[in-house]
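Values quoted throughout were computed directly from the atomic coordinates according to the rules given, and no laboratory measurement underlies them. Note that the coordinates shown come from a computational prediction; the quantities given were computed from them, not determined experimentally.
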Amino acid sequence: MKISHNSAVIFNYSIKDEHGTLLESNANEHVGYIHGSGTTLPGFEAALDQKEAGYTTTIVLSPEEAFGHHDESLIIQVPIDDFHGQDLSLNMEFVMDEGEADEAGTIVWRISELGDETVTLDGNHPYAGKTLTFDIEVKEVRTATDEELEHGHLHFEGDEHHHHDN
């Protein structure tokens, strides 16, 4: 079966930065997406369009094609008191409730510095500003189920049963 709109694509991957340093790989985790759903990088989808299980490729995505450039305006300092004594740690991620999200969607903030008085938050993706090399191996291609299409992501056998708020 060829990868096309609404295909469930299960794959293995590794990501390296421009220096060849391994940033992440999925090892033995189930990883996949629904082709055409907009939930993965456009360059990633384009590279896999019309391919089949067993296909392997290496793609290089510039910051513009991947996670964008590093944006200094997404680095803010917040008084530590705003966290009401929460146990904080470097690289901890969370979403601050700022009311309605703007067109860009929800920002995931990561603690980049912890001071005595302030916490520095970085809203940039950790890979922002990097040219990334993806090594990809397509493991399985199938038609996404109606439930997966409704939820917008794949379900794997053995996954914890999860609920979606309507």
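Karplus couplings for the range 143-150 from phi (6.51 cos²θ - 1.76 cosθ + 1.60, θ = phi - 60°), rounded to Hz, Gly and Pro as x?
With the stated coefficients, the range 143-150 comes to 6, 5, 6, 4, 5, 4, 4, 5 Hz.
Of [x] 33, 21, 15; [y] 89, 18, 11; [z] 26, 17, 15, which is the value of semi-axes √(5λ) of the Cα gyration tensor in Å derived from the coordinates here?
Answer by label: [x].
What is the set of long-range amide H partners of Asn26 at a cut-off below 5 Å, with H atoms built 1.01 Å from backbone N?
Tyr13
Rounded to whole Hz and in sequence order, give me ³J(HN,Hα) for the range 18-33 from the Karplus expression 6.51 cos²θ - 1.76 cosθ + 1.60, θ = phi - 60°, writing x for Gly and Pro.
After applying 6.51 cos²θ - 1.76 cosθ + 1.60, I find 5, 9, x, 6, 5, 8, 6, 8, 8, 6, 9, 7, 6, 9, x, 8 Hz.
How much mean residue ellipticity at 222 nm does the chain get from its helices, if each DSSP H run of length 4 or more adds -39500 (n - 2.57) and you divide by all residues, to the nearest 500 deg cm²/dmol?
-2000 deg cm²/dmol
Pairs of Cα atoms under 8 Å, at least six residues apart: use those to get the relative contact order of the chain, whole percent. All intermediate terms of the calculation are to be shown ahead of the outcome.
Details: 285 pairs, mean separation 58.2, N = 166.
Over the chain, the number comes to 35 percent.
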